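First the structure, in the form of structure tokens, and then the observations on it.
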Amino acid sequence: MVNVPEKRNKAVAIFSLILSILYFFFGSLEITFWLGFDVTYLSPVTIYSDAFAGFTLIVTSLIFAAGFINLWRNEVRGYSYVLVGLFVASVLGILQFLILVANWTERYVLLNEDFADWTWIDDFRAVIPLWIMSLPLIVPLRSLKMRRV
Amino acid sequence: MMLRTVSPLKVKVALAGNPNVGKSVVFNNLTGARQHVGNWPGVTVEKKEGLCTFEDAKIEVVDLPGIYSLTANSIDEIIARNYIVEEAPDIVVDIVDASNLERNLYLTLQLLELGANVIILLNMMDLAEEKGFKIDTKKLEKLIGVPVVPSVAPKRIGMNELCQKIVETKKKSLTYKKIFKYSKDLEEGIERVRYVLEQYEELSKYNLRWLAIKLLEDDDEVKKLIVKSISNYNAIFSEVEKIKSELEKKYDDLIVAFADERYRIISQIVSQVVTKVQVEEPTLTSMLDEVFTHKYLGIPIFLTLMWAVFQFTFTVAAPISDLFDMIFSSLAEIASTNIKPTWLGSLIGEGIIGGLGFVFVFAPNIFFMFLALSILEDSGYLARAAFNMDKIMYKLGLHGKSFIPLLLGFGCNVPAIMSTRTIDNENDRLITILVNPLMSCSARLPVYVLFAGIFFSAYAGNVIFSMYLLGIVLAVLIALILRKTLFPGRPSYFVMEMPPYMVPTLRSIVVHTWERGSMFIKKAGTIIIAGLVAIWALSNIPYGAPIEESLVGQFGKLLEPIFAPFGWDWRIAVALFFGFIAKEIVIGSLAILYGTGEETLYGPISNALTPLSAYALMAFVLIYVPCIATVGIIKQETGSWKWTLFAIAYELILAYLVAGFIILIGHLIGLA
């Protein structure tokens, strides 16, 4: 692997740690809510009682955590975790955005009665802002000049 | 590609190559939409043919199965070489992965040995470059004696040059047939066998040098060919045995000796044409593999991506499904009210359009699922998923190679069961076939979508995902039981190649999605519509009588006591019975039995079932007898009625037990 300045590794490591904590926080909220404890007041965005979604947030958190640990030790392979973390965060964020668009279509285009009370806030779940927050990671990843194979 | 209508020159071209060299992309680039998919004669391995018009020539392209060599070890290899020997295509385009030249040239050498007129398409030149390989294609052309066309198939680079070379070869009747010489002893042996074969006129149409090598390699298929062609075949075999035993004094194993010699030749060629440039940058593939195949994170990431696939399948596709529903409901209503006589209006409106509509509204879900799976497959991720699962599969008594057939089962169990042919060990293969129907195929998806939508609307995606997980868990448990009881022993070890990660091309994703999704449309237009019309007819005999008194009603009443403990009425019993033809019929028949239209189906179903009994019903549909096509393929692949009936019986019993267990647990924890 190429040599990356230690300062940059530390900066990316801290950013990964912040993302890891946030993903863990929101993942835990969804799982806690699913277990029957109403913790929605703790969140600024919509929280569902959804164990599977909570699990996916925890997985993303763990990937970023692994990125943090490696980069903090100045091990460049930490970027692998940052890359996959960004990828999984993007999959989840884009998926939720598509769900928002689909439900918007149901409400305003198809005039589906089941969606009469729907507002975009209902589908603005944590994965969307967290995905947008993770996008700056593209900058250090691009500077790695990766080859495909 | 230049397209013209008149084309007097006809060229027959076969595409050969190792798996994962971009053969399908090349085939799609050449043929576009003009493709035909069928089966190779006598077997159920898919055969793709297509047509490409270039300048004044019509090029017929046949896509041979992906193979590593031309031995007779697998059905794919036999198909490929039989095609080249028997059909004698004008040209064999050997697609070679430039980033993995040494391994790929093994097949090239065997193709040349077979006497094929070969053109090499040196694909993935961009990857080779990124790996730091510099390939002197001119020198390669000179050393190997056949034209070499560099290419990057996903970007369509090299396609025109390939067509140009094909047409030029045909027009000028050029032949590229280079003979590579083995060691002196082997060459002497080949010549002696060849001399023996030359005595027989019947063999003159074959490449005798190739036949000689294959006989020395003890190739069963070539021996069969000799037996078929020559009455006095024993004379040949005894001569060959004599020559072989002489050679075996020097070489312990002649198959290994020939393979070593081929690799010696390849290594000489590669050392002269490839130079490696040192590069320091990390590779995308190694970086992604570090995490995707991670000991602890690999499987959770796989589950996360699969969860995303099912959310995408259910929620994002929902508006399109709803739009289809509106269209079909309106059409059914128009037909029912306007077509006379009344019974005909009812047949067309409620029976055909209504029933079919209830199947077609799920087409977007099915297409979305295949779209997501195609992206994962074409990107190279699914191979990593198989790698991650191998260790678990092995511990659970399944072979690592079983993962791909099981995963394919999410699409359709028929091709999935066919794909178990790649598993060499018979016990491993039988276990994989028997548990494959437990993998939830796309035909079951409409049932889940309907019931999850009615009873678990906010968490429908999760409920559907849980069905897929239940299928996987049951498949693993049954495999474990089968391994411990009927098929004792350990599964054999698994070796697989990891293709580099790629950004899938839009074209290949669309083609893959359409190929798989269109099967659903075809089925809906044939077997499903026939089944639904039959149910409509049975539900209208005697005409005008209440449905409970119709033939289907009486039959349902007979079945009803079996499912009464689960709270399912006679209509559900009938739907499950007809679901044996194809699982999609379950929904269509419910639509007929309850009456068409969303209001008339959603209402009665939500009255007839509780969320608990609906969940149990979804589990039953997941597990109970596979459709008639799957039963047929189990019979074909196991060659045994015993195993076919076993599969049907154990799945019926298991479905009943699991549904009962769900109801019981639900009652115990107060969910009823």
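Observations on the model:
- Residues of the range B:375-396 that turn out to be more than 19 Å from residue B:475 (Cα to Cα), part of a helix (DSSP H, G or I) and touching a Pro at 6+ places or on another chain (Cβ under 7 Å), as a count: 3
- Which numbered condition residue A:79 misses (of (1) under 17 Å from residue A:45 (Cβ atoms); (2) facing chain B (nearest Cβ under 8 Å)): (1)
- Selected residue (criterion: nearest to residue B:566 (Cα to Cα)) from residues of the range B:602-638 that are hydroxyl-bearing (Ser, Thr, Tyr) and assigned to a helix (DSSP H, G or I): B:613
- Candidate set from the range A:136-149 (those that are in contact (Cβ under 8 Å) with a residue 40 or more places away in the chain and under 19 Å from the mean Cα position of the chain (by Cα)); member that is farthest from the other protein chains (Cβ to nearest Cβ): A:136
- Residues that are within 8 Å of chain A (Cβ to nearest Cβ) and of a type outside the set (Val, Ile, Thr) within the range B:295-316 comprise B:297, B:300, B:303, B:305, B:307, B:308, B:311, B:312, listed in sequence order.
- Within the range B:17-41, restricting attention to residues that are farther than 16 Å from residue B:155 by Cβ and touching a Phe, Trp or Tyr at 6+ places or on another chain (Cβ under 9 Å), the residue that is modelled with the highest pLDDT is B:18.
- Failed item in (1) in contact (Cβ under 8 Å) with a residue 40 or more places away in the chain; (2) under 22 Å from residue B:528 (Cβ atoms), with residue B:648 passing the rest: (1)
- Yes/no for residue B:400 being within 23 Å of residue B:485 (Cα to Cα), more than 15 Å from the chain's Cα centre (by Cα) and not hydrophobic (A, V, I, L, M, F, W, C): yes
- Residue B:271 fulfils the conditions (1) more than 10 Å from chain A (Cβ to nearest Cβ); (2) modelled with pLDDT under 90 except for a single criterion, (2).
- Entirely in the range B:440-557, the helices (runs of 4 or more DSSP H) that have 3 or more residues that are within 14 Å of another protein chain (Cβ to nearest Cβ) and at pLDDT 75 or above: B:445-455, B:460-484
- Checking the stated criteria, residue A:92 turns out to be at the interface with chain B (Cβ under 7 Å from one of its Cβ atoms) and either in contact with a Phe, Trp or Tyr (Cβ under 7 Å, 6 or more places away or on another chain) or not hydrophobic (A, V, I, L, M, F, W, C) (or both).
- Scanning the range B:456-474 for residues that are within 17 Å of the chain's Cα centre (by Cα) and touching a residue at least 24 places away in the same chain (Cβ under 8 Å) turns up nothing.
- Within the range A:36-64, the set of residues being touching a helix residue (DSSP H, G or I) at 6+ places or on another chain (Cβ under 8 Å), surrounded by fewer than 20 Cβ atoms within 10 Å (Cβ to Cβ) and away from chain B (no Cβ under 11 Å) comprises A:39, A:40, A:42, A:43, A:45, A:46.
- Residue ID - surrounded by the fewest Cβ atoms within 10 Å (Cβ to Cβ), chosen from residues in the range A:101-121 that are within 30 Å of residue A:85 (Cβ to Cβ) and more than 10 Å from chain B (Cβ to nearest Cβ): A:121
- Subset tally (residues that are closer than 16 Å to residue B:104 by Cα and acidic (Asp, Glu)) for the range B:137-170: 1
The values are calculated or read from the model by the stated rules, or taken from the named source; none is laboratory data. Please read all numbers here as calculations on a predicted model, not as lab measurements. Please note: Cβ atoms are built from the backbone with ideal geometry, for glycine as well, and neighbour counts cover all protein chains shown.
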